[in-house]
Each structure stands twice: as structure tokens, then as C-alpha cells.
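Participant: The structure that follows is given in the form of C-alpha cells.
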Amino acid sequence: MNTEELKGLKVVVLAGGWSEEREVSLNSGTACRQALLDYGFEKVNLIDIAEPQFIEKLSRGGYDVAFPALHGRFGEDGCIQGLLEVMHLPYTFSGVLAHAAAMEKEVAKVLYAKAGLRTPKGYDFPAGTQLTEQQVDTIIDDLGLPIFVKPSGNGSSFGITRVTERAQLRAAVDLAGEGGERVLVEECIEGTEITVPVLGNDETQALPIVEIVTGADFYDSQVKYEPSELHHVIPARLPATVYQKAQAAAQVAHKVLGCAGCSRSDFIVTSDGEPVILETNTIPGMTAASLLPDSARHGGIEFPELCARFVELAMEK
């Protein structure tokens, strides 16, 4: 597809929704719509999927391609992608299975392990589990302190607790259970926090690695949406061999999950230079402070071109 054909497509950006990340999604959607217009697309609409008659508006819009700028439940878990499949409407980013697998962190960890990627040691429980004294003892004896407790199926650090004392564990499990059907309890990996964006479908390209410097206990939802220059070091300050290893690991994660368009995998690099994968985001944030656009910009891809590439990859897929 040549550039003029690409710009002639009618695009619908899907944003909003019902998850805890609704406002972030609306910001992402607004930014992506403007970026496509800046690139030269003439027909770009934005629809909040929580609007009444959303499906009717979508089906009657005559759209060539959908651009989900959705995060969290119903947008990044395969639900909206299933609807688009039924409607035979091409869409950016990954398909149903990749989104669902990446969102459910305990499922993603199984796939990472099969691909030879190191993951944090941990446990998972159904939401609502009331840990016994023996279970608490077993977890702390095995994983030590601090440990992280998180919803298995949520994003943007919602519901995550860094547990530093035994007495905090049960409350942390209860909180995480409010954000998903399962809860992960994982060891705390010490090291350099990085994220590695990947572009592409079958053929992939790893973008510059972002080192995340927070000054906080972890990269929580407040820090994520502060100005990027406060927390992003690009390229990450890693030895060349470790840098290449982390980029290769992100491409492996992208492929083993079946991602398309883009992904962004988060790692902790240990003191011995080993990248430990935490999770993969299948629709990374697309605001001015977001990690993937910041990385792409350092790699020579400005935001309008990046969004246009996503549309082109969707049509290729």
C-alpha cells in the first residue's frame, strides 16, 4: 500500500471504555487521532466505546480500519478485538489470543518460560483467596521480603502493592483481587528497570531501550504519567551485550505471545546482566509522557509516522 492509499483510509480510533485506565485511554486516543491527522489522514474519527449505540456507530461508519487506543479490561484483553473480528473490520495491534495471553500475567509467564525467558518466581491464586497462616509463611519463606502482589489481568500498575512486612500480605492480596480474576505474588527482582518496545508483525524491530528511573518503590500509576524527562533515560545505560540481549528477549516475547503491530515488554536487569521479564503490554500508552512514543522518537520515528505505521501494519496483517 502506497502512502496516498494509506492516507485515504477511513480510520476510527477507539478509546475510553470502562476500565480503571479510561482517562489514560481517552488521552491516548485523542493523541493518536491528532497524530494521524498530522500525518495526512483526512478521515479519522474517535469513538468512546462506552457511548450508547457504540456498536451501531461503528458498524454504520464505513470504516476501513479500527485503531484501538484502549488499555486494561475490555480493550487490551481481547474483548474489543473479538468484536472487530466478528465485524470483519481490520484493526491495529495484536489479535484476540495475544491480547488475552499477555493480559493474564500467569498465562504469559508460562509462554515466556517455554521460550527460555527468565521470569520472577511466584504464586498465583484465584481472586478472593483468604491466605492461611501456613500459606503466608510458605510464601515469605520461599520468596523473601519485599515481594510484589498484583492483579493477574490489569495494567498501569493498578492494584499493585510492594509488601515489605508479613502483616501487609493479606490486604495486598485482597486489593489485587479487586482488579482481576487471579492474583500474582512474586519475588522482588533487584536491578535496573527497563522497557523494550518492539514494532512489526512477522518481521520485528526492537526500538531503543528505555531505562526507568523513578525514585519511588516501583513505577506506579502516578509516576507513569509524570513528564517523561523526569523518568526516562534513552538509551538505557547498559553494556552493549546486555542491551542486545534485552532487545532480543523483547522480540522473543512479542513472537511467543503472537503479538502484531507493536508490543512493549518490561524487564528488570539483574546485577549479573540477566534481563528478567515482568510483563508485555500489547497496547502501550500513547500519551505525550508514554514510553513507546518516547523510545520511537529517539529512534528517529516521530509520533505521526509511528501511528501511520500501526495502520499500515494492520492492513498488512
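Participant: Using alpha carbon coordinates only, what is the Rg to Rh ratio of the stretch 1-77, with Rh defined as the Kirkwood radius?
Facilitator: Reported Rg/Rh (Cα atoms, Kirkwood Rh): 0.99.
Participant: Okay, moving on. For the chain, what number results from the quotient of the Cα radius of gyration and 2.2 N^0.38 Å?
Facilitator: 0.99
Participant: Among 281-294, 41-54, how do they line up by average Cβ neighbours within 10 Å per residue, starting with the highest?
Facilitator: Averaged packing, sorted descending, gives the order 281-294, 41-54.
Participant: Ok, one more. Springs between alpha-carbon pairs under 10 angstrom, Gaussian network model over the chain: which of K114, K150, K105 fluctuates most?
Facilitator: Taking springs between Cα atoms under 10 Å, the residue moving most is K114.
Participant: At 7 Å along Cα-to-Cβ for each site, give me the label-to-label distance between A288 and K317 in nm.
Facilitator: Label at A288, label at K317, 2.9 nm between them.
Participant: Moving to a separate point now. So what is the orientation-averaged projected area of the stretch 122-187, using the convex hull of its C-alpha atoms, in nm²?
Facilitator: The number I arrive at for the stretch 122-187 is 3.6 nm².
Participant: For L89 and F54, compute 0.36 nm times the residue count separating them, minus their Cα-Cα distance, and round to one decimal in nm.
Facilitator: Details: separation 35, 0.36 × 35 = 12.60 nm, distance 1.47 nm.
Roughly 11.1 nm would be gained on extension.
Participant: How compact is the stretch 94-159 by the rule of thumb for globular proteins, expressed as Cα Rg over 2.2 N^0.38 Å?
Facilitator: Working it through for the stretch 94-159, the quotient is 1.27.
Participant: Moving on. Quote the FRET efficiency, to the nearest 0.05, computed for E181 versus E305 with a Förster distance R0 of 35 Å and r equal to the Cβ-Cβ distance. Before the final figure, lay out each step's value.
Facilitator: Values: r = 38 Å, r/R0 = 1.09.
Step by step, r from the Cβ atoms, then E = 0.35.
Participant: How are the Cα pair distances of the stretch 35-83 distributed, in percent, across 10 Å bins from 0?
Facilitator: P(r) over the stretch 35-83, rounded to whole percents: 20, 53, 26, 0.
Participant: Which residues in the stretch 250-283 place their backbone N less than 14 Å from a point set 7 Å from the Cα of E106 along the Cα-to-Cβ direction?
Facilitator: No residue passes the distance filter.
Participant: Evaluate the charge dipole of the stretch 122-187 about its Cα centre and quote only its size in Debye, nearest 20, assuming +1 on the Cβ of each Lys and Arg and -1 on the Cβ of each Asp and Glu.
Facilitator: Value, rounded to 20: 220 debye.
Participant: With +1 assigned to the C-beta of every Lys and Arg and -1 to the C-beta of every Asp and Glu, and no other charges, what is the dipole magnitude of the stretch 1-137 about the Cα centre in debye, to the nearest 20?
Facilitator: Numbers: 13 positive and 19 negative charges, 60 e Å.
Around 280 debye, computed over the stretch 1-137.
Participant: Amide H to amide H under 5 Å from V13: which residues, 5+ apart in sequence or cross-chain, H placed 1.01 Å off N in plane?
Facilitator: Excluding prolines and chain starts, which carry no amide H, the hits are N45, L46, I47, F67.
Participant: Have a look at G116, L89, L207 and report the one farthest towards the positive end of the charge dipole of the chain, computed about the Cα centre with Cβ charges (Lys/Arg +1, Asp/Glu -1).
Facilitator: Going by the Cα projections, it comes out as L89.
Participant: If we restrict to alpha carbons, what Rg and Dmax does the stretch 35-122 come to, in Å?
Facilitator: 16.2, 49
Participant: Roughly what % antiparallel, to the nearest 5, for the DSSP beta bridges in the chain? Write out the running numbers ahead of the final one.
Facilitator: Numbers: 34 of 45 bridges.
Of the beta bridges lying entirely in the chain, close to 75 percent run antiparallel.
Values quoted throughout were computed directly from the atomic coordinates according to the rules given, and no laboratory measurement underlies them. For clarity, every value in this text was computed on a predicted model and none was experimentally measured. Positions of Cβ are backbone-derived with ideal geometry, glycine not excepted, and every protein chain shown enters the neighbour counts.
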